[in-house]
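Bear in mind that the values in this text are calculations on the coordinates, not laboratory data. Note that the structure is a prediction, hence the values are computed from the model and not measured. We place every Cβ from the backbone using ideal geometry, glycine too, and count neighbours over all the protein chains shown.
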Amino acid sequence: MFKQICQLTRLGLYSLFHINELRYTKDKKKKQRFILMGIVWMILALILIFYMAALSFSYIRIGLGDVLPMYFYTAASMVILFFSLFKVGDMMFSIKSYEIQASWPVSAAAIIVSRFVLMYMTNLLFSFVVMLPGMGIYGWVMRPAISFYIYGVLGLLFLPVFPLCIALIFGAVIQAIGARMKHKGVGIALLTLIFGIALMGGSMFFSWNAESMDMRQLENMALLVTDTLKKMYPPAWIYGRAVVKGEFSGLIGLCAVSAAILAGFVFILKKYFIDICGLLNTASAKNNYKLESQRKNSVMKALWQRELRRYFASGIYISNTMFGYIFMVIASAALLIYTPGKFETMIGMSGLVNRVWPLILGFMPAMMPTTACSISMEGKNLWRLQSLPLDDRKIYDAKILLNLSLAAPFYILAVILSIIALHPGLIDGLFILCVPAAYILFSAVAGLSANMALPLLQWESEVQVVKQSGAAFISMLAAFAVWLIPTGIVLAFPQLSSEMIFLLMLAVLSVLTFILYRKNQRKLLADYS
């Protein structure tokens with residue numbers, strides 16, 4: 001069975017990263033897209049490595065170097081937990097792909113174990129990217145014993161086990177509850193959003209309390225963080241003690257418990273996998289549908305309603321694209337509750353909130369527009385759109401309209417809360433109104449442009465489209481770029497007028513949006529089949 005598990009895991013990795021398609025395709029454009037995606041992945045990895053290295057230097061400089069291993073261990077675990085929730089249903093408990101694989105000359109146990117191993121390996125890769133830069137900086141500056149490196153790598157191999165098992169449990173519960181709701185996609189997305197916001201809210205609350213301390217409290221912060229992690233996430237505390245203080249017995253215990261949990265979890269999955277899949281994919285329906293009346297709508301309204309129904313039918317689609325909108329409102333509410341003065345006192349820069357708030361408010365909803373996945377989500381049903389006697393531009397506009405209509409209520413509420421909190425003048429109030437709107441419109445057009453350039457129509461799981469597609473990463477990178485440049489100028493040159501920077505940025509975003517919109521109007525959806 002071990003050979004079968006290795007073969008199935010290898011096939012899963014090939015499918016996940018499109019390795020075979022890259023090796024054997026003769027389409028030069030497709031190869032160029034793969035190369036572009038590789039560059040995007042490298043840029044994102046370098047950004048993450050740079051951030052972790054900078055954070056490590058900062059912690060070491062203020063005397064919190066010994067906290068770094070357990071801090072990064074916790075951060076990696078929380079991210080694995082958060083993102084694994086989205087992948088559980090499609091990667092682990094997908095009954096459709098299981099039925100296909102069950103016809104192969106492999107055992108059912110090998111299929112189940114290979115799925116778990118695939119999720120473990122992808123999360124382990126992420127763990128290395130998060131942990132190694134900080135550990136490397138710590139080793140270079142602090143000069144620990146050789147046991148630091150040995151214990152660090154050994155503990156890192158078991159890092160994904162706890163968060164992955166927790167994610168599988170909670171993800172299964174969320175999917176089971178959502179499957180019995182009338183609107184399955186909305187139910188699953190709502191439960192996932194609640195869990196994700198609670199998880200991130202707890203992390204933000206801890207960071208707020210830590211950063212609002214005075215210097216005397218900061219000197220005792222290492223003890224505070226250690227005690228907090230010991231209570232909240234004991235594996236991180238054990239790992240930190242093992243690598244910093246060389247406590248080998250604690251590390252062996254952590255690895256043994258992780259291995260036991262992993263073995264028990266795999267045993268349960270092997271024994272009850274079919275039953276679990278049946279429970280998770282069961283949906284009730286009433287057979288009392290009656291045709292009472294028919295309504296006639298305009299072409300644009302009908303297309304918009306079609307996009308709306310497709311959107312709310314996918315829990316993973318909703319939960320990934322709604323986070324930016326929700327945090328836009330949460331951030332505005334936090335600004336109203338804590339007041340701008342507290343934020344500025346905490347960072348030690350007076351007047352900064354008014355200068356950067358329109359940019360912050362615009363960045364959050366622009367991170368993941370619905371349009372970045374809207375064409376790829378059509379999948380094999382794209383021919384239905386192509387067969388309609390419609391102008392492709394209307395289909396294009398309907399996808400943009402969906403993004404704008406979803407963002408509108410969150411945008412309006414966030415702007416109202418921000419104006420109440422900041423009490424801006426007329427000009428500043430107009431920028432709070434216009435800057436986020438420009439970002440939302442730009443991201444909607446740029447997202448669809450990226451999806452038209454990098455469509456993913458042959459997919460087995462919606463996770464591949466929403467979280468792993470090239471268009472999604474390109475859209476996120478574009479939003480980050482158009483936000484980072486003006487924000488960096490505002491922070492680096494406080495003597496410059498923020499109003500002039502906002503005006504210039506609005507002009508640039510307007511031009512880019514117009515160019516992309518006109519360019520994409522000339523493309524036909526038939527080019528992406």
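Site pair Lys28 and Ile47 shows an inter-label distance of 3.1 nm when each label is modelled 7 Å from Cα along Cα→Cβ. All Cα-Cα separations within segment 1-135 were binned at 10 Å from zero, giving a P(r) of 10, 30, 30, 21, 8, 1, each value a whole percent of the pairs. With a threshold of 32 Å on the Cα-Cα distance, the over-threshold entries among Lys31/Lys271; Lys29/Lys301; Lys3/Lys29; Lys29/Lys399; Lys230/Lys271; Lys296/Lys467 are Lys31/Lys271; Lys29/Lys301; Lys3/Lys29; Lys230/Lys271; Lys296/Lys467.
For the listed peptides 315-321, 30-36, 156-162, 366-372, a ranking on the average number of other beta carbons within 10 Å per residue, highest first, reads 366-372, 315-321, 156-162, 30-36.
Taking only the C-alpha atoms of segment 298-529, Rg followed by Dmax gives 18.6, 60 Å. A simple rule links phi to the HN-Hα coupling: the Karplus curve 6.51 cos²θ - 1.76 cosθ + 1.60 with θ = phi - 60°, which for segment 383-391 gives 4, 5, 5, 5, 7, 6, x, 10, 6 Hz, with x for Gly and Pro. Only Cα pairs under 8 Å and 6+ residues apart enter the sum, and on that basis the relative contact order of segment 298-529 stands at 30 percent. The value of relative contact order for segment 23-158, using C-alpha pairs under 8 Å at least six residues apart, is 39 percent. Relative protection proxy for 43-53, 9-19, 469-479, from highest mean packing down: 469-479, 9-19, 43-53 (other beta-carbon atoms within 10 angstrom).
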